[in-house]
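Scroll down for the structure; my scribbles are underneath it.
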Amino acid sequence: MSEPNSAARLAEPPAREPEAPASGRRADLLAVAAAVALVAAATTVGLYYNRPNSGVIIFVSSPPLFADWLPHVGPGSVFAVLIAVVVVLQGPALADRLPRRRALAAGYLASLAWIFSLTMVDGWQRGFAGHLTIPQEYLHEVPGITDIPRMLREFSSRILDFQPNSWTTHVSGHPPGATLVFVWLDRIGLHGGAWAATAVVLVGSLVAVAVPATVALLGRADAARAMLPFAVLTPGAVWIGVSADGMFAGVTATGLALLALSARGFTGGRRYAAPVGVAAGLLLGFGIFLSYGLVLLGVLAVAVAILGRQWRAAALAIAGALAVVGVFAWAGFWWLDGYHLVVERYYQGVALVRPYSYWVWADLAAVSAALGPAVIAALRRGLAGARPSRALLADPVLLLGLAALLTIVFADVSGLSKAETERIWLPFGVWLLPLTALLPRPGRRWWLAAQAATALAVNHLLLTGW
């Protein structure tokens, strides 16, 4: 992605930052300790609820994460550790030194390797090829979809449960766009779980390119370089691998990056600005047909539009998104009808018994595990730095971080995601990654190591669901 007026700056290492005072480091560690305490409390209370005859059903065996306790190693274990060591030791220096495009390409390849090695900790079938083939997943419905137009026309009528032709769990819980992706893969000859998992990992890894590229395009090339290794070693990679939500994160992050590129293009008078703006809208519009909750990414789109300061890019993106809505409506699926039905379906299942009083805070514990300690510490710094309104509106690191936090808060209080937020909120959580640029340079390798250790611990101690 080109960035006129700052290409030279992108290719140069950022200026060295002063070391944070001891009080700042203590505050970072206290924030991480508070997050650990939150996870411990969610685990303790959840296990208490899981006792026989407790009277409370949370439907999660290893709270707050949707997983089973199963310490194990696998074919990917050694590779995952090696990749983590290389990124921790060499990642920050390479992100500073490499030309912009090479840095982003290296980040993508490293993310791809990291995600795949983590999936292979569980083995080829259990961790990769078979992950998307269980009865609750999208691929279960693919063989029965022989007529796509008919499927779209009848999609809403099959959302509710307890009828002979009800969609399976994940198909019914999402708009038809998610299912269509896997149907299209099947139509072009990429049949089965291995090809579906490959597509998910390839698209999910785009997060490591799209998020730092967005930050750079909005004027903080130094922050983009600083956050790139953190975008690679995010603990969320445990769930980006062969989870459709990881694919959702990759699609929508790319859409927001294109919106930033369009704004930059209009600023520099580039011909690509208009078509890229439409493409951004098409991706973001398709995003809300991947998951109903992704409509909250509108908060982040507004933040990118404010930072880009180009109303033409925003207008074209809106037009592209509305075109996607129009095509689905023409084909027979109206988003609002599906949303109201899926809320009803939601309370036909375990959400009816999962207590809101527990999950409204335990969900935050689950997403904290996916974010990792570095993002928690960086979030503390971001909240401290966001107090002056001028600094907030001018700095993409702060504004994108705050917007991401708001989407998580909105999703949390809605009560429409009781449990499993470590994967469901991935498209929101990845936009907290830019805040890691606020961490002091001397300690970044330690924070990177903590991110890797979190992912490795989760993946080796637990067998994660979905």
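Structure notes:
- Only one of VAL304, VAL327, VAL375, VAL350 that is buried (at least 21 other Cβ atoms within 10 Å of the Cβ) and either more than 25 Å from the chain's Cα centre (by Cα) or under 30 Å from TYR48 (Cα atoms) (or both): VAL375
- One residue from ALA455, ALA449 being of a type in the set (A, V, I, L, M) and either open to solvent by 10 Å² or more (accessible area, probe 1.4 Å) or modelled with pLDDT under 95 (or both): ALA449
- The residue that is most open to solvent (accessible area, probe 1.4 Å), counting only those in region 404-446 that are hydroxyl-bearing (Ser, Thr, Tyr) and over 20 Å from ALA210 (Cβ atoms), is SER414.
- Among the residues making up region 105-119, those that are of a type in the set (A, V, I, L, M, F, W, C) and either surrounded by fewer than 24 Cβ atoms within 10 Å (Cβ to Cβ) or under 9 Å from SER205 (Cα atoms) (or both) are ALA105, ALA106, LEU109, ALA110, LEU112, ALA113, ILE115, PHE116.
- Among the residues of region 47-61, just one is touching a Ser or Thr at 6+ places or on another chain (Cβ under 8 Å) and either touching a residue at least 24 places away in the same chain (Cβ under 8 Å) or not in a loop (DSSP other than H, G, I, E, B) (or both), namely TYR48.
- Some residue of region 242-259 being over 14 Å from the mean Cα position of the chain (by Cα) and without any contact (Cβ under 8 Å) to a residue 60 or more places away in the chain: yes
- Options LEU406, LEU392, LEU399; residue that is over 19 Å from the mean Cα position of the chain (by Cα) and either more than 19 Å from LEU65 (Cβ to Cβ) or modelled with pLDDT of 95 or more (or both): LEU392
- Taken over region 329-338, residues that are assigned to a helix (DSSP H, G or I) and closer than 12 Å to SER157 by Cα amount to 2.
- Looking at ALA317, ALA274, ALA313, just one residue is buried (at least 23 other Cβ atoms within 10 Å of the Cβ), farther than 30 Å from PRO149 by Cβ and in contact (Cβ under 8 Å) with a residue 24 or more places away in the chain, and that residue is ALA313.
- Here region 44-76 is the region considered, the condition is being touching a strand residue (DSSP E or B) at 6+ places or on another chain (Cβ under 8 Å) and polar (S, T, N, Q), and the residue that is surrounded by the most Cβ atoms within 10 Å (Cβ to Cβ) is SER62.
- Hits in region 88-99 - residues which are open to solvent by 40 Å² or more (accessible area, probe 1.4 Å) and either more than 19 Å from ARG441 (Cα to Cα) or in a helix (DSSP H, G or I) (or both): LEU89, GLN90, LEU94, ARG97, PRO99
- Among the residues of region 358-410, the ones that are out of contact with any helix residue (DSSP H, G or I) (no Cβ under 7 Å at 6 or more places or on another chain) and not in a helix (DSSP H, G or I) come to 3 in all.
- Neighbours by Cβ (under 9 Å, 6+ apart or cross-chain): first from region 360-385, among the aromatic types (Phe, Trp, Tyr); second surrounded by 24 or more Cβ atoms within 10 Å (Cβ to Cβ): TRP361/ALA42
- Test: PHE289 is open to solvent by 10 Å² or more (accessible area, probe 1.4 Å), touching a residue at least 12 places away in the same chain (Cβ under 8 Å) and not hydroxyl-bearing (Ser, Thr, Tyr): no
- Scan of region 71-84 for residues that are assigned to a helix (DSSP H, G or I), among the hydrophobic types (A, V, I, L, M, F, W, C) and touching a residue at least 24 places away in the same chain (Cβ under 8 Å), ordered by number: PHE79, ALA80, VAL81, ILE83, ALA84
- Criterion violated by TRP124 - all others in (1) within 30 Å of VAL73 (Cβ to Cβ); (2) touching a residue at least 60 places away in the same chain (Cβ under 8 Å); (3) open to solvent by 30 Å² or more (accessible area, probe 1.4 Å) satisfied: (2)
- Answer residue from region 275-296, given it is outside any helix (DSSP H, G or I) and of a type outside the set (Phe, Trp, Tyr) and is nearest to ARG312 (Cα to Cα) among those: ILE288
- Here VAL85 clears all of (1) surrounded by fewer than 15 Cβ atoms within 10 Å (Cβ to Cβ); (2) farther than 24 Å from GLY372 by Cβ; (3) modelled with pLDDT of 95 or more except the condition numbered (2).
- When residues of region 412-446 are limited to those that are in a helix (DSSP H, G or I) and among the charged types (D, E, K, R), the one modelled with the lowest pLDDT: ARG441
- Yes/no for LEU152 being open to solvent by 10 Å² or more (accessible area, probe 1.4 Å) and out of contact with any Cys (no Cβ under 7 Å at 6 or more places or on another chain): yes
- Scanning region 357-399 for residues that are over 30 Å from TYR346 (Cα atoms) and of a type outside the set (S, T, N, Q) yields a total of 26.
The values are calculated or read from the model by the stated rules, or taken from the named source; none is laboratory data. Please read all numbers here as calculations on a predicted model, not as lab measurements. Quick reminder, even Gly has a Cβ in these numbers, built from the backbone with ideal geometry, and neighbours come from all protein chains shown. Just so you know, the surface numbers come from the protein's heavy atoms only, side chains and all, with ligands and any DNA or RNA stripped out. Shrake-Rupley method; radii C 1.70, N 1.55, O 1.52, S 1.80 Å.
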